[in-house]
1. Just from its helices, what would the mean residue ellipticity at 222 nm be for the chain, if runs of 4 or more DSSP H residues each count -39500 (n - 2.57) and the sum is divided by every residue, rounded to the nearest 500 deg cm²/dmol?
2. When DSSP beta bridges are limited to those with both residues in the chain, what percentage is antiparallel, rounded to the nearest 5?
3. Can you give me the long-range amide H partners of LEU27? Hydrogens built in the peptide plane at 1.01 Å from N, cutoff under 5 Å, separation of 5 or more residues or another chain.
4. Can you pull out the trypsin sites (Lys or Arg not before Pro) in the stretch 74-127 that DSSP calls coil and that have at most 10 other Cβ atoms within 10 Å?
5. Taking square-rooted eigenvalues a ≥ b ≥ c of the alpha carbon gyration tensor, is the stretch 108-207 rounded, prolate or oblate, where a/c under 1.5 means rounded and, failing that, a/b exceeding b/c means prolate?
6. May I ask you to derive the relative contact order of the chain, considering only C-alpha pairs under 8 Å and at least 6 residues apart, and to give it as an integer percent?
7. Keeping all protein chains in place, calculate the accessible area per residue for the stretch 5-203 (probe 1.4 angstrom), answer in Å².
8. List the GluC sites (Glu not before Pro) within the stretch 1-42 that fall in a DSSP loop (any state other than H, G, I, E or B) and whose Cβ has at most 12 other Cβ atoms within 10 Å.
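The values are calculated or read from the model by the stated rules, or taken from the named source; none is laboratory data. Please read these numbers as outputs of a predicted model, since none were measured by experiment. Cβ: placed from backbone, ideal geometry, glycine included. Neighbour counts: every protein chain shown. Ligands, DNA and RNA are excluded from the accessible area calculation, which covers all protein heavy atoms including side chains. Shrake-Rupley method; radii C 1.70, N 1.55, O 1.52, S 1.80 Å.
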Amino acid sequence: MTETLERLLADIRACRICVERPDGRPLPHEPRPVVVGSRTARVLIAGQAPGLRVHESGLPFNDRSGDRLRDWMGVTREEFYDASRFAIVPMGFCFPGYDDKGGDMPPRRECAARWHGRLMAAMPQIELVLAIGQYAHRWHLGARRRKSLTETVMDWREIFFSSYRPKILPLPHPSWRNTGWLKRNAWFETDLLPLLKGEIRSRLQPK
Ligand code: SF4
(Lines give C-alpha, C1' and ligand atoms only; values in the text may rest on other atoms or scores of the structure.)
Protein backbone atom coordinates (compact mmCIF):
# COMPACT_ATOMS: atom_id res chain seq x y z
CA MET A 1 0.00 0.00 0.00
CA THR A 2 1.34 3.46 -0.83
CA GLU A 3 1.40 5.65 2.28
CA THR A 4 -0.21 9.04 2.01
CA LEU A 5 1.99 11.97 1.14
CA GLU A 6 0.68 13.97 4.10
CA ARG A 7 1.54 11.20 6.57
CA LEU A 8 4.98 10.79 5.06
CA LEU A 9 5.73 14.53 5.20
CA ALA A 10 4.63 14.65 8.84
CA ASP A 11 7.01 11.76 9.62
CA ILE A 12 9.86 13.53 7.80
CA ARG A 13 9.26 16.77 9.67
CA ALA A 14 9.57 14.84 12.95
CA CYS A 15 12.67 12.89 11.82
CA ARG A 16 15.65 12.77 14.23
CA ILE A 17 17.54 9.83 12.75
CA CYS A 18 20.78 11.77 12.23
CA VAL A 19 20.82 12.77 15.90
CA GLU A 20 19.51 9.63 17.56
CA ARG A 21 20.64 6.80 15.24
CA PRO A 22 23.27 8.35 12.95
CA ASP A 23 25.26 6.39 10.42
CA GLY A 24 28.58 7.87 11.63
CA ARG A 25 28.97 11.22 13.33
CA PRO A 26 25.71 12.72 14.59
CA LEU A 27 24.29 15.89 13.09
CA PRO A 28 25.87 18.76 15.08
CA HIS A 29 22.59 20.65 15.47
CA GLU A 30 18.86 20.07 15.72
CA PRO A 31 17.39 18.59 12.52
CA ARG A 32 15.30 20.93 10.40
CA PRO A 33 14.14 18.98 7.34
CA VAL A 34 13.48 21.22 4.34
CA VAL A 35 11.35 19.44 1.74
CA VAL A 36 8.32 20.36 -0.37
CA GLY A 37 5.98 17.54 -1.34
CA SER A 38 3.11 17.92 -3.77
CA ARG A 39 0.18 15.94 -5.12
CA THR A 40 -0.09 18.06 -8.25
CA ALA A 41 3.43 19.18 -9.21
CA ARG A 42 4.66 17.70 -12.48
CA VAL A 43 8.28 18.72 -11.86
CA LEU A 44 10.49 17.64 -8.95
CA ILE A 45 13.64 19.56 -8.08
CA ALA A 46 16.23 17.22 -6.57
CA GLY A 47 19.04 19.28 -5.08
CA GLN A 48 21.86 18.49 -2.69
CA ALA A 49 21.15 19.61 0.91
CA PRO A 50 20.23 22.89 2.60
CA GLY A 51 23.02 25.32 3.43
CA LEU A 52 23.06 27.34 6.64
CA ARG A 53 20.91 30.13 5.23
CA VAL A 54 18.22 27.70 4.10
CA HIS A 55 18.49 25.88 7.44
CA GLU A 56 17.76 29.16 9.21
CA SER A 57 14.91 30.28 6.95
CA GLY A 58 13.37 26.88 6.18
CA LEU A 59 12.91 28.06 2.59
CA PRO A 60 14.70 25.91 -0.02
CA PHE A 61 16.94 27.65 -2.57
CA ASN A 62 16.46 30.97 -0.77
CA ASP A 63 19.94 32.11 -1.79
CA ARG A 64 22.03 33.06 -4.82
CA SER A 65 22.03 29.45 -6.02
CA GLY A 66 18.26 29.58 -6.02
CA ASP A 67 18.27 32.82 -8.01
CA ARG A 68 20.46 31.17 -10.65
CA LEU A 69 18.31 28.04 -10.71
CA ARG A 70 15.13 30.10 -11.19
CA ASP A 71 16.88 31.92 -14.00
CA TRP A 72 17.82 28.59 -15.64
CA MET A 73 14.21 27.41 -15.30
CA GLY A 74 12.70 30.70 -16.45
CA VAL A 75 10.35 30.98 -13.46
CA THR A 76 9.56 33.68 -10.94
CA ARG A 77 10.03 33.25 -7.18
CA GLU A 78 6.26 33.08 -6.87
CA GLU A 79 6.03 30.23 -9.38
CA PHE A 80 9.04 28.44 -7.88
CA TYR A 81 7.60 28.42 -4.37
CA ASP A 82 4.13 27.30 -5.49
CA ALA A 83 3.95 23.76 -4.09
CA SER A 84 1.15 22.89 -6.51
CA ARG A 85 3.71 23.35 -9.32
CA PHE A 86 7.07 22.20 -7.95
CA ALA A 87 8.10 19.53 -5.46
CA ILE A 88 11.51 20.19 -3.91
CA VAL A 89 13.29 17.11 -2.58
CA PRO A 90 17.01 17.52 -1.81
CA MET A 91 19.14 14.42 -1.32
CA GLY A 92 19.55 15.36 2.34
CA PHE A 93 16.70 17.28 3.98
CA CYS A 94 18.73 18.81 6.84
CA PHE A 95 21.75 21.12 6.75
CA PRO A 96 24.62 18.63 7.21
CA GLY A 97 27.07 21.08 8.87
CA TYR A 98 30.58 22.06 7.82
CA ASP A 99 33.65 19.95 7.13
CA ASP A 100 37.15 20.72 8.51
CA LYS A 101 37.81 23.17 5.66
CA GLY A 102 34.61 25.13 6.26
CA GLY A 103 32.75 23.67 3.27
CA ASP A 104 29.29 22.10 3.47
CA MET A 105 29.33 18.41 4.33
CA PRO A 106 27.71 16.04 1.81
CA PRO A 107 24.01 15.24 2.21
CA ARG A 108 23.36 12.81 5.07
CA ARG A 109 23.29 9.26 3.72
CA GLU A 110 20.53 8.30 6.15
CA CYS A 111 18.09 10.57 4.34
CA ALA A 112 17.88 9.00 0.91
CA ALA A 113 18.02 5.51 2.38
CA ARG A 114 15.08 6.20 4.65
CA TRP A 115 12.84 8.58 2.74
CA HIS A 116 13.46 9.05 -0.97
CA GLY A 117 12.00 5.85 -2.42
CA ARG A 118 8.87 6.34 -0.33
CA LEU A 119 8.52 10.00 -1.29
CA MET A 120 8.85 9.23 -5.00
CA ALA A 121 6.23 6.45 -4.64
CA ALA A 122 3.88 8.94 -2.95
CA MET A 123 4.17 11.40 -5.86
CA PRO A 124 3.45 9.23 -8.94
CA GLN A 125 2.33 12.27 -10.97
CA ILE A 126 5.90 13.61 -11.27
CA GLU A 127 6.85 13.74 -14.96
CA LEU A 128 10.26 15.42 -14.83
CA VAL A 129 13.08 15.37 -12.26
CA LEU A 130 15.74 18.07 -12.32
CA ALA A 131 18.68 16.14 -10.85
CA ILE A 132 21.03 18.81 -9.51
CA GLY A 133 24.61 17.85 -8.65
CA GLN A 134 26.43 14.55 -8.25
CA TYR A 135 24.42 13.20 -5.31
CA ALA A 136 21.11 13.62 -7.13
CA HIS A 137 22.67 12.15 -10.29
CA ARG A 138 23.77 9.11 -8.32
CA TRP A 139 20.38 8.44 -6.73
CA HIS A 140 18.10 9.30 -9.64
CA LEU A 141 20.22 7.90 -12.46
CA GLY A 142 21.90 4.95 -10.73
CA ALA A 143 23.89 2.97 -13.30
CA ARG A 144 22.92 5.47 -16.01
CA ARG A 145 25.17 8.09 -14.40
CA ARG A 146 28.39 8.68 -16.35
CA LYS A 147 31.88 8.72 -14.88
CA SER A 148 31.89 12.37 -13.90
CA LEU A 149 29.36 15.12 -13.33
CA THR A 150 30.47 16.87 -16.54
CA GLU A 151 30.09 13.70 -18.63
CA THR A 152 26.65 13.07 -17.12
CA VAL A 153 25.42 16.58 -17.89
CA MET A 154 27.01 16.47 -21.35
CA ASP A 155 24.98 13.34 -22.09
CA TRP A 156 21.74 15.10 -21.14
CA ARG A 157 20.08 14.40 -24.49
CA GLU A 158 20.52 10.65 -24.22
CA ILE A 159 19.34 10.67 -20.61
CA PHE A 160 16.42 13.03 -21.15
CA PHE A 161 15.07 11.45 -24.34
CA SER A 162 15.36 7.85 -23.07
CA SER A 163 12.22 5.86 -22.33
CA TYR A 164 12.71 6.00 -18.53
CA ARG A 165 9.96 7.66 -16.49
CA PRO A 166 9.92 10.10 -14.88
CA LYS A 167 12.14 11.92 -17.32
CA ILE A 168 15.40 13.18 -15.82
CA LEU A 169 17.43 16.22 -16.73
CA PRO A 170 20.90 16.18 -15.11
CA LEU A 171 22.19 19.61 -14.09
CA PRO A 172 25.26 20.96 -12.28
CA HIS A 173 24.69 22.74 -8.99
CA PRO A 174 23.78 26.40 -9.60
CA SER A 175 26.24 27.49 -6.90
CA TRP A 176 28.51 30.47 -7.61
CA ARG A 177 31.37 27.98 -7.16
CA ASN A 178 30.36 26.51 -10.52
CA THR A 179 30.67 29.77 -12.45
CA GLY A 180 33.99 28.54 -13.92
CA TRP A 181 32.35 25.26 -14.99
CA LEU A 182 29.56 27.21 -16.70
CA LYS A 183 32.11 29.34 -18.57
CA ARG A 184 34.04 26.26 -19.70
CA ASN A 185 30.88 24.50 -20.85
CA ALA A 186 29.09 27.15 -22.87
CA TRP A 187 26.89 24.47 -24.53
CA PHE A 188 25.04 24.23 -21.23
CA GLU A 189 23.60 27.70 -21.68
CA THR A 190 23.12 27.58 -25.45
CA ASP A 191 21.78 23.99 -25.84
CA LEU A 192 20.43 22.67 -22.56
CA LEU A 193 18.85 25.74 -20.95
CA PRO A 194 16.42 26.50 -23.82
CA LEU A 195 15.08 22.95 -23.57
CA LEU A 196 14.87 23.23 -19.77
CA LYS A 197 12.88 26.46 -19.96
CA GLY A 198 10.49 24.98 -22.53
CA GLU A 199 9.94 21.79 -20.52
CA ILE A 200 9.25 23.77 -17.36
CA ARG A 201 6.86 26.17 -19.13
CA SER A 202 4.89 23.27 -20.60
CA ARG A 203 4.53 21.69 -17.15
CA LEU A 204 3.71 24.79 -15.15
CA GLN A 205 0.03 23.95 -14.85
CA PRO A 206 -0.64 21.61 -11.90
CA LYS A 207 -2.08 18.16 -12.72
S1 SF4 B 1 18.87 14.59 7.20
FE2 SF4 B 1 17.09 13.29 6.71
S3 SF4 B 1 17.39 11.39 7.89
FE4 SF4 B 1 18.72 12.98 8.81
S5 SF4 B 1 17.51 13.90 10.46
FE6 SF4 B 1 17.21 15.16 8.63
S7 SF4 B 1 15.34 14.30 7.70
FE8 SF4 B 1 16.11 12.76 9.14
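1. Numbers: 11 runs with 73 residues, N = 207.
It lands at -8500 deg cm²/dmol.
2. On the way: 2 of 14 bridges.
In the chain, DSSP labels about 15 percent of beta bridges as antiparallel.
3. Placed amide hydrogens put VAL19 under 5 Å from LEU27.
4. Values: sites: ARG77, ARG85, LYS101, ARG108, ARG109, ARG114, ARG118; in loops: ARG85, LYS101, ARG108.
Here the trypsin sites (Lys or Arg not before Pro) that fit, given the DSSP loop and packing criteria, are LYS101.
5. Values: a/c = 1.74, a/b = 1.23, b/c = 1.41.
Oblate, because a/c is 1.5 or more while a/b does not exceed b/c.
6. Details: 319 pairs, mean separation 53.4, N = 207.
Once divided by the residue count of the chain, the mean separation gives 26 percent.
7. Working: 9830 Å² over 199 residues.
Normalised by residue count, the accessible surface of the stretch 5-203 is 49 Å².
8. Working: sites: GLU3, GLU6, GLU20; in loops: GLU3.
The qualifying sites are GLU3.
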